[in-house]
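Asks: So that we are looking at the same thing, I have put the structure below in structure tokens.
The values are calculated or read from the model by the stated rules, or taken from the named source; none is laboratory data. Keep in mind that what you see is a predicted model, and the values were worked out from it rather than measured. Positions of Cβ are backbone-derived with ideal geometry, glycine not excepted, and every protein chain shown enters the neighbour counts.
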Amino acid sequence: MKPFAARILGPAVLVLLLLAGCATRPPADDPEALQEFRENNDPFEPANRAMFEVNEAIDKAVLQPIAEAYRDLLPKPVRSGIRNVLGNLRTPTILTGDLLQGNLTRARETLGRFIVNSTIGIGGIVDVGRRYDVHGHSEDMGQTLAVWGVGEGFYIFVPLLGPSTARDLVGFGIDIYTNPQSMIGQGQILDVWNYTRIGMTVVDTREALLEPFDMVRKTSLDPYATLRSAYRQRRAFEIQNTESPGGAVAPAGGVGFGQGVMEPK
Amino acid sequence: MARVLMSRRLLLTGFAGLASFPARAQSMDISRATAFVNKAGQDLVTAINDPRLNLTQRRDKVASILRTAIDIEGTGRFILGRYVRQASPAELQDYLKLFDEIIIRNLSARFGEYRGVKFSLGRSQQRTEEDALVSTLIERPNSPSFTLDWRVAEINGQPRVVDVIAEGTSLRLTTRSEYAAVIQRNNGRVASLLDAMRGQIAQLAAREGG
């Protein structure tokens with residue numbers, strides 16, 4: 001299945017970048033401003049801000065109401081089960097990341113969790129591993145590239161996917177194309193399955209971010225800049241594998257909003 | 001290797017930030033920092049869960065505890081960053097006053113809602129020569145628990161909180177980006193940040209109903 005993101009968003013992003021132009025580089029006689037400009041590493045800031053506004057509009061009209069309805073309509077155990085299943089389905093991506101980063105301890109945890117949660121945990125609905133204190137963690141190709149020494153590259157905001165960087169976006173693409181679930185044959189049932197999985201991931205992620213997003217919108221004088229900074233910090237934290245135990249497995253990078261995904265409220 | 005590079009870069013960034021201000025912070029003793037966070041945290045939890053206080057009283061109590069626990073001036077200066085020197089003395093004075101009000105209002109509104117909150121110390125670790133990072137676990141009824149790390153520095157002989165870090169995201173770094181963006185987008189005028197801060201305080205006050 002060709003992902004929606006690659007088919008439509010990719011070209012749209014490029015066109016927007018070209019249309020909106022680039023951020024102005026500060027003059028060379030202001031070294032502090034120049035350093036800040038480099039640290040932000042957001043050469044397409046005007047275009048990114050435009051896309052951020054597009055995303056805000058879509059989010060307020062569609063995504064946020066859906067996420068709120070999802071929380072209101074489904075009881076917590078059901079949402080917990082869905083989040084656990086989605087996390088379990090991300091095993092191939094996480095395990096690949098563990099192995100490519102040469103982290104055998106984490107790879108063993110990921111594999112053990114998958115086996116136990118898929119069987120005793122009834123197809124991943126129950127996170128049995130957590131009860132034995134083997135907590136899930138996030139891993140994705142963006143993180144692996146970072147561990148291999150690839151710099152994060154410029155910042156980019158993609159509507160519906162959220163904040164990302166050149167490196168994380170490439171990693172996200174690799175994750176999609178190497179996911180076994182998008183490789184095993186084709187057919188209508190598989191398509192429906194994949195769209196359901198992607199759709200549920202979006203709703204589940206947005207539901208987890210209801211409070212953090214409210215908070216940013218309410219308290220930030222510049223939500224775009226706040227999100228940009230929070231995303232980078234959160235990614236650095238994930239790359240160093242220092243997530244605190246207890247959080248559920250966050251969706252693979254690219255879609256990460258720079259926030260940890262917790263147990264449902 | 002990359003992990004080492006990454007942490008070194010983070011460290012360097014931290015030092016660069018500190019270097020631009022007078023070195024008021026002395027080295028921080030980890031057990032002293034932990035005891036300080038524990039005391040401030042227990043005081044906060046007691047105030048938040050006190051059944052005799054109404055919402056306004058609770059907020060006031062929380063605000064007064066926060067005022068003694070946080071190094072508001074130092075944090076405010078850190079967040080304003082290089083614009084500290086570009087601001088006029090009057091602007092800087094206004095900024096620190098507005099920053100004090102915003103941070104206290106935001107934090108006490110947030111903590112004030114945490115009825116039934118429980119707080120416990122997590123693993124502690126010394127981070128740099130300058131300050132200590134104390135990790136805590138926040139638990140609320142019917143809510144997922146989360147960790148909060150408190151960066152504590154020795155300010156004029158007293159331990160004070162200089163940053164709060166939630167799941168890897170530092171409040172002072174995020175706020176520094178936010179404020180810098182506001183100034184940059186208004187032709188580098190510090191006064192425009194002050195206007196935006198005044199607007200935000202008015203909004204916060206309207207939401208709190210007073």
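Asks: Of A:ALA236, A:ALA248, which residue is in contact with a helix residue (DSSP H, G or I) (Cβ under 8 Å, 6 or more places away or on another chain), modelled with pLDDT of 85 or more and more than 20 Å from A:LEU160 (Cβ to Cβ)? Even if it seems obvious, please write down each step before you answer.
Replies: On the way: A:ALA248 fails: modelled with pLDDT of 85 or more.
Just a single option satisfies the conditions, and that option is A:ALA236.
Every residue, every condition in (1) among the basic types (Lys, Arg); (2) in contact with a His (Cβ under 7 Å, 6 or more places away or on another chain), yes or no:
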| position | (1), (2) |
| --- | --- |
| A:ALA61 | no, no |
| A:ARG106 | yes, yes |
| A:ILE122 | no, no |
| A:ILE125 | no, no |
| A:ARG131 | yes, no |
| A:HIS137 | no, no |
| A:VAL150 | no, no |
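Asks: Still on this structure, please answer the following. Among the candidates B:SER170, B:SER135, B:SER108, B:SER145, which residue alone is over 21 Å from B:LYS39 (Cα atoms), small (Gly, Ala, Ser) and at pLDDT below 95?
Replies: B:SER170
Asks: Scan the helices (runs of 4 or more DSSP H) fully inside the range A:30-100 and keep the ones with 3 or more residues being more than 21 Å from the chain's Cα centre (by Cα). Can you show your working first?
Replies: On the way: elements: A:31-40, A:45-58, A:64-73, A:76-89, A:91-100.
Output list reads A:31-40, A:64-73, A:76-89.
Residue-wise test of (1) under 24 Å from B:PHE146 (Cβ atoms); (2) surrounded by fewer than 21 Cβ atoms within 10 Å (Cβ to Cβ).
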| position | (1), (2) |
| --- | --- |
| A:GLN143 | yes, no |
| A:PRO159 | no, yes |
| A:ASP175 | no, no |
| A:ASN179 | no, yes |
| A:THR196 | no, yes |
| A:THR201 | yes, yes |
| A:ASP214 | yes, yes |
| A:ARG217 | yes, yes |
| A:LEU221 | no, yes |
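Asks: Ok, one more. Hey, B:THR147 hits all of (1) surrounded by fewer than 17 Cβ atoms within 10 Å (Cβ to Cβ); (2) in contact with a Leu (Cβ under 7 Å, 6 or more places away or on another chain); (3) under 25 Å from B:ASP43 (Cβ atoms) but one; which does it fall short on?
Replies: (1)
Asks: What are the residues in the range A:212-241 that are within 7 Å of another protein chain (Cβ to nearest Cβ) and in a loop (DSSP other than H, G, I, E, B), if any?
Replies: Matches in the range A:212-241: A:SER220, A:LEU221, A:ASP222, A:GLN240.
Asks: Only one residue in A:GLY149, A:GLY185 is at pLDDT below 90, at positive phi and not in a strand (DSSP E or B). Which one?
Replies: A:GLY185
Yes/no per residue for (1) within 17 Å of the chain's Cα centre (by Cα); (2) away from chain B (no Cβ under 14 Å); (3) not in a helix (DSSP H, G or I):
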site	(1), (2), (3)
A:VAL126	no, yes, yes
A:VAL134	no, yes, yes
A:HIS137	yes, no, yes
A:TYR177	yes, yes, no
A:GLN181	no, yes, no
A:LEU190	no, yes, no
A:THR205	yes, yes, no
